[in-house]
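A short worksheet on the structure shown next.
The values are calculated or read from the model by the stated rules, or taken from the named source; none is laboratory data. Here the structure is a predicted model, which is why all the values come from computation and not from measurement. All Cβ positions, glycine included, derive from the backbone under ideal geometry; neighbour counts span all protein chains shown.
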Amino acid sequence: MKGDLYLAWSSDEKIREKGESGGAVTALLKFALASGIVDAVLAVKKRNGNRYDGVLSLMTHPDQVIESAGTLHFATVNVAKEIKEYLNGANDMKMAVTCKPCDCRAIIELAKRGQINIENVILVGLNCTGTLLPAVARRMIRDEYEADPDDVVSEDMDNAKFVIKLADGTTKERELNKLEEKGYGRRENCRRCTINIPRMADMACGAWGTRGKNATFIEVCSPKGSKLIEKAIEAGALIVEPADREAVEERAKKDKEAIELAEAWEKKDLDVLRLLPYNDRLKYWLRYFDRCIKCFGCRDACPICYCQECYLEPERGFVKGGETPPGMMYHLVRLAHVADSCVNCGQCEDVCPMEIPLTKLYYMLNCELSSLFDYIPGMDVSNYPPLTTVTDEELHIEEVNVLRRKQLR
Ligand code: SF4
Ligand code: SF4
Ligand code: SF4
């Protein structure tokens, strides 16, 4: 039931060998598909065996699931966006999806907006302390570890260290902080991320608390998650034991350390800006907005931007056909629409060709709004974002205004 804490592993030797932490997640996904609980599994796997090229894969046969076993820290896939754009909101298909905390939060935000039918989706949450951009990771491994990036067979982040294992069996580790001071390591949004255990999912799975045992620590977070786990245990696909006090304490300690590291990065990245007088802060951002080529990349990548008819397109009457949005309009519209619901996923910044620190802006504003409205996006499907409470009357006034503007052109 919700709140249960387990150490779990797969009963299948092949899955235990190929997967990490006892292969419990792979075992659960395979069981969900084989038992007909879901029609498909959506998980990340290596494209052509390349660990720097993680892609989302939709699997419909239980034997395919093993291909997604193991952790990939160099995959920054846009899970929520892919479900919404390419699976038509997954409204008909029952799916189990592996997702990091920011992915789960984006899925929950989209579910609130009627874009994903959350009842049909089982969120298999994975603990996360960060992902690395593939190009940065390759450079870092060459420069800082003096190793060939293609020789890496696994990587891990633990005890504030980034550890790589090479094909010859050797391991090399470096301190995360030192790597990140040099511009390597995790994406900037990940460095500031304090939500490492995805309790908003149906279950939260990770290696923290397993104390060297080849097992996964699972926290059951919803009745849906509980049902899948109980059935997998009954069927013998998953072996579990209750997590003891030491395991729970170790997990809590690791989480606390990760949060402290993130808070230190947040302070370092944002305090300088927060302490600037208002005009200087505005100038700081205006200088960045001047760089923007209005390629629309950040809008297209943002999982929270979901409107079929965007205010930034001519159809809505605010932007002239054939022209880009004038002046600051592009960024003001994005900020007004997304800031209260930004889940700090970093997708916007990843795609920006002008290297504008977009996540810093959205995260800063989201922190202000979160404390003002006591609202953290993506934590609970029944809790609506504060800036979306528009009345029918207001919507009607807006439609009339758009019509008037079109007539005046
Ligand atoms: S923002 Fe980064 S650290 Fe946080 S959940 Fe997402 S990928 Fe993980
Ligand atoms: S604004 Fe950027 S960081 Fe925030 S949800 Fe959208 S893509 Fe993610
Ligand atoms: S991705 Fe960057 S350059 Fe493109 S519109 Fe967004 S902020 Fe501007």
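Take Tyr330 and decide whether it is within 20 Å of the chain's Cα centre (by Cα), aromatic (Phe, Trp, Tyr), outside the structural domain of Gly114 (by TED's automatic domain parsing) and in a helix (DSSP H, G or I). Walk me through how you get there before you give the answer.
Details: within 20 Å of the chain's Cα centre (by Cα): no; aromatic (Phe, Trp, Tyr): yes; outside the structural domain of Gly114 (by TED's automatic domain parsing): yes; in a helix (DSSP H, G or I): yes.
Taking the combined requirement at face value, the residue does not satisfy it.
Taking the conditions exactly as written (among the charged types (D, E, K, R), surrounded by fewer than 24 Cβ atoms within 10 Å (Cβ to Cβ) and within 21 Å of Gly212 (Cα to Cα)), does Asp63 satisfy them or not? Don't jump to the end; show me each part of the working.
On the way: among the charged types (D, E, K, R): yes; surrounded by fewer than 24 Cβ atoms within 10 Å (Cβ to Cβ): yes; within 21 Å of Gly212 (Cα to Cα): no.
Criteria not met by Asp63.
Kindly list the number of the only condition in (1) in contact (Cβ under 8 Å) with a residue 60 or more places away in the chain; (2) part of a helix (DSSP H, G or I) that fails for Ile304.
Result: Ile304 passes all but (2).
Listed here are the residues, each with its yes/no results for (1) within 16 Å of ligand 3 (Cβ to nearest atom); (2) more than 30 Å from Arg191 (Cβ to Cβ); (3) within 15 Å of the chain's Cα centre (by Cα).
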site	(1), (2), (3)
Gly54	no, no, yes
Leu87	no, yes, no
Arg113	no, no, no
Met140	no, no, no
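Which count do you get for residues in segment 208-217 that are touching a strand residue (DSSP E or B) at 6+ places or on another chain (Cβ under 7 Å) and either among the hydrophobic types (A, V, I, L, M, F, W, C) or farther than 12 Å from Glu20 by Cβ (or both)?
5
Just checking, how many residues over segment 1-22 are outside any strand (DSSP E or B), touching a residue at least 60 places away in the same chain (Cβ under 8 Å), in contact with a Ser or Thr (Cβ under 6 Å, 6 or more places away or on another chain) and crowded, with 17+ Cβ neighbours inside 10 Å?
4
Can you name the condition, by its number, that Glu155 falls short on among (1) within 19 Å of the chain's Cα centre (by Cα); (2) more than 30 Å from Asp380 (Cα to Cα); (3) not in a strand (DSSP E or B)?
It is condition (3) that Glu155 fails.
Go through (1) among the hydroxyl-bearing types (Ser, Thr, Tyr); (2) part of a loop (DSSP other than H, G, I, E, B); (3) modelled with pLDDT under 95 one by one and return the number of the condition Thr194 breaks.
Going through (1) among the hydroxyl-bearing types (Ser, Thr, Tyr); (2) part of a loop (DSSP other than H, G, I, E, B); (3) modelled with pLDDT under 95 one by one, Thr194 breaks only (3).
Counting residues that are over 22 Å from Ser10 (Cβ atoms), which strands (runs of 3 or more DSSP E) fully inside segment 26-123 reach at least 3? So that I can check it myself, show each step before the final result.
On the way: elements: 40-47, 50-59, 95-99.
In segment 26-123, 50-59 are the strands (runs of 3 or more DSSP E) which contain 3 or more residues that are over 22 Å from Ser10 (Cβ atoms).
May I ask you to verify whether Leu312 is within 12 Å of ligand 3 (Cβ to nearest atom) and free of Cβ contacts under 8 Å to residues at least 40 places away in the same chain? Outline the logic, then answer.
Values: within 12 Å of ligand 3 (Cβ to nearest atom): yes; free of Cβ contacts under 8 Å to residues at least 40 places away in the same chain: yes.
So Leu312 fits the description; yes.
Taking the condition modelled with pLDDT of 85 or more, part of a loop (DSSP other than H, G, I, E, B), over 22 Å from the mean Cα position of the chain (by Cα) and buried (at least 18 other Cβ atoms within 10 Å of the Cβ), does Pro377 pass? Step through it out loud before you land on a result.
On the way: modelled with pLDDT of 85 or more: yes; part of a loop (DSSP other than H, G, I, E, B): yes; over 22 Å from the mean Cα position of the chain (by Cα): no; buried (at least 18 other Cβ atoms within 10 Å of the Cβ): yes.
So Pro377 does not fit the description; no.
Name the single residue that is nearest to Val333 (Cα to Cα) among those in segment 290-301 being touching a residue at least 60 places away in the same chain (Cβ under 8 Å) and surrounded by 13 or more Cβ atoms within 10 Å (Cβ to Cβ). Outline the logic, then answer.
Of segment 290-301, the ones touching a residue at least 60 places away in the same chain (Cβ under 8 Å) are 291-293, 298, 301.
Pick out the ones that are also surrounded by 13 or more Cβ atoms within 10 Å (Cβ to Cβ) and you get 292, 298, 301.
Details: Cys292: 14, Cys298: 12, Ala301: 15 Å.
Taking the candidates together, the pick is Cys298.
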